[in-house]
1. Based on the Cβ-Cβ distance of residue A:135 and residue B:340, what FRET efficiency does E = 1/(1 + (r/R0)^6) give at R0 = 30 Å, to the nearest 0.05?
2. Count the net charge of all other residues whose Cβ sits under 13 Å from the Cβ of residue A:57, scoring Lys and Arg as +1 and Asp and Glu as -1.
3. When B:14, A:147, B:406 are ordered from fewest to most other Cβ atoms inside 10 Å of their Cβ, what list results?
4. For A:73, B:456, B:479, what ranking results if the residue with the fewest other Cβ atoms within 10 Å of its Cβ goes first?
5. So for the pair residue B:320, residue B:386, with labels modelled 7 Å out along Cα→Cβ, what separation do we get in nm?
6. Classify region A:39-318 from the C-alpha gyration tensor, please: rounded if a/c falls under 1.5, else prolate or oblate depending on whether a/b exceeds b/c.
7. If one takes the longest principal axis of the Cα atoms in chain B, at what angle in degrees, from 0 to 90 and to the nearest 10, does the Cα axis of helix B:176-191 lie?
8. For residue A:241, what is the net charge nearby, where nearby means another residue's Cβ is under 12 Å from its Cβ and Lys, Arg count +1, Asp, Glu -1?
Amino acid sequence: MTGAPARALAVAARLRELGILVALGLVVLAVTLLSPSFLHLDNLGQVLLSVSLVAIAAAGQTIVVLTRNVDLSVGSMVGLVAFVTGDLLKQHALGVPEAVLAGCVLGLGLGAVNGAIVTIGRVPAIVATLGTLNVYRGLDFFVAGGKEVSAYDLPRAYLGIATSAVAGIPVLIVAAAVIAAAVAFVLRSTRPGRALYAIGSNPAAADAVGIPSQRLVFAAFAASGLLCGVAGVLWGSRFGTVNAFAASGLELEVIAAVVVGGVNIFGGSGTVFGAMLGALLLGTIDNALTLLRLSQFWLQAIDGVVILLAVGADATIRGSLQRALRARSGRR
Amino acid sequence: MTGPALLELRGISKRFAGVRALREVDLDLAEGAVHALVGENGAGKSTLVKILAGVHHPDEGEIRLAGAPLVLAGPAAARDRGIAVMHQQPNLFPDLDVAENVFAGRLPIARFGRVDWRRARSAAAGLLARLGVSLDVAAPVRGLSVADQQLVEVAKALSLDARVLVMDEPTAALSGREVDRLFATVRQLREHGVAVLFVNHRLEEVFALADRVTVLRDGRHVITAPIAELTPAETIRHMVGRQLDSLYPKQDARPGEPALEVAGLTRAGVFRDVSFTVRRGEIVALAGLVGAGRTEVARALFGIDRADAGEVRVGGRPVHAASPGDAMRAGLAYVPEDRHDQGLVLDFSIAANVSLPVLARLSRLLGVVDRGGERALAGGYAERLQIRATGVDQPAAGLSGGNQQKVVIAKWLATRPAVLILDEPTRGIDIGAKAEVHRIVSGLAAEGMAILLISSELPEVLGMADRVIVLHEGRVAASLTREEATQEEIMTAATGQRGA
């Protein structure tokens, strides 16, 4: 009896991802017409390489946002991990595998601190992670002390991680794809993953069915930290030069990708696939503007318009469906 | 006809911030029996349900399940012991689909910890089929009607193989056909030996379904009896049997011309064809059980919610209140039920609270508020209403409940309304402050203000009101004069026992 509108809502959620794909197609088409060099394999590779780092962090951010939280500290975590990893290698303190592992563990630890502040300290996530955004960046400055790590200081094995290829595809892109697939599996097909959706959809009901909300929210922040650790290690490898400013402002790109990708900022709905598409759309637009020699000012303004369009479309679709449903139940 | 006691409650007491919600209540639930729990608003039914759900913990008393003492650490503990609770409002996950809601937190797992969606969906579909419902198990719950969501809750309880099923007013949002379907399911569960606790306001449903009935009043156990030994009229007497006291000093008023006229007011699915008139100097009470639509009518009158049909006149002029601002300009004032959430800004001083709705009147050039005028205004009302505080600069948070309520009333009096709507004005305030609020309200009516009083306390309604409008499920079930109104008459109409 109420199956039809319910189905419509489900379809609308799918359409959301389809919509981004269509937008992506239109952008690609437009840029190709204006600047044929866009489609060159080199350029497409560059787009995917830069999107990959954002995408890895965005996969972690998706986990957090689904639980009705947000992690603003991702840029600082990526930057701190990138510098510390590079510095360990520069000092020859650790070998490459050990340093990579150390970077990931550092990210996990930073994320766990976020999770502890939010769950044990009961500080709202937006405030807690705004705090750690600054604290982690401050630590980065403290450790760096005005110095930087350059490609000359780093072993070739480390620099090669990002640029080497598996079956012709750069490791960075493969890593992003594998991580996205793994996170998608956990979110879609495991009990803890479904519990994350439940917490974001109705926290009180989640408690009522005995879902350990606090533990899972903690885990979500820890996972975001771990993925930022991975992104930080790859960041150093890709760019070679790391200073204390590395990855500043990355949090905004990451959150933009998640939101444009249709993950509800109030939790409970959205997919990693959507967030990946969001990252890809924003990355493509960035690249296109560079090719078209538009200024960075336009870049930010257009990113902003894309976010507003995406979120506005969500609100409109949801609103009209809710009204339709209320009208229906009124007639009962 | 009933089996042995499966769940026993002995001497359960619970207090909240000094208010005794339950006092030494005993209750036995037998296997294969439906036990109805009835009582007026505030009798303690919901508190008892929440204790069984593991949400609240009793201060005193003991719960035994199949003879063994039971301590419910939380909702999960209750669930694990086979106690399923359906709350009044479905508590589901709107973003997730029906199957996932049925098995939330307990999704079936296949190899590698992977959720077995196929099994979850077919099991959910099977449960819904048992209920005789055709719902798309893959559709998100957000799109379902409240009735369908309630059925998802039943399916959830079924999936738990519950031995005890607690249903807190499960039929509140269901249509007649849906109620029949639910009852058929409950009878089926009874056949399978489930102990059902059925909390309900609708006596005809209680008498149609229950084997035994327990009446609570003011947190105390009044009577437990097999349903065959009671009549609806006797049950109502047990529910209300309370002495009237002389707390309610209603002054005689000579009602003047109509101040508020409501004709055919309707909000789809909430209330229907509500008509009444309140004259100048008259106190009209809007009585009814929780969920009958009293507050909803007030909200529509005050422009918070929109009515779908009907006419409202204030002082003879038609009013189309699309917002509280419109309603205020038309001469309406509304003191809401929840003074913390909707009535007061706790961090503000008394003066700032009182002046809030009339800031425009108190503003000078460029909207700068005249602080002196504000304090004078608040001071006048503080004196008149005898608000006990160190001064009008004292923050509202530090006041007692009764004095907070007086500040809210002062705030709305400052708008100089023709019609004052009071929603549960004495809930949660002590008895002395209650009497003062009654004196104030009565005085306002004597001055010619028209007052619409929403109250769940029958003695208050009977003591204060010149006339009583009783709502039952969103419709006017009775309109009683002061002489006609008795506790029994009101409860009879409010529980739907009177064909109005």
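Every number here is computed from the coordinates shown, using simple stated rules; none is lab data. Bear in mind that the values here come from a model prediction, so they are computed numbers and not experimental data. Reconstructed Cβ throughout: ideal geometry from the backbone, glycine too, with neighbour counts over all protein chains shown.
1. On the way: r = 36 Å, r/R0 = 1.18.
Calculated transfer efficiency: 0.25.
2. Details: positive: none; negative: A:71, A:251, A:253.
Residues close to residue A:57 contribute a combined charge of -3.
3. Values: B:14 22, A:147 13, B:406 28.
Placing the least packed residue first, the sequence is A:147, B:14, B:406.
4. Details: A:73 29, B:456 20, B:479 17.
Least crowded to most crowded, the residues run B:479, B:456, A:73.
5. Between residue B:320 and residue B:386, the label points sit 4.6 nm apart.
6. Details: a/c = 1.67, a/b = 1.23, b/c = 1.36.
It is oblate, given that a/c is not under 1.5 and a/b is not larger than b/c.
7. 40
8. Values: positive: A:90, A:147, A:238; negative: A:148, A:153.
Combined, the nearby Lys, Arg, Asp and Glu give +1.
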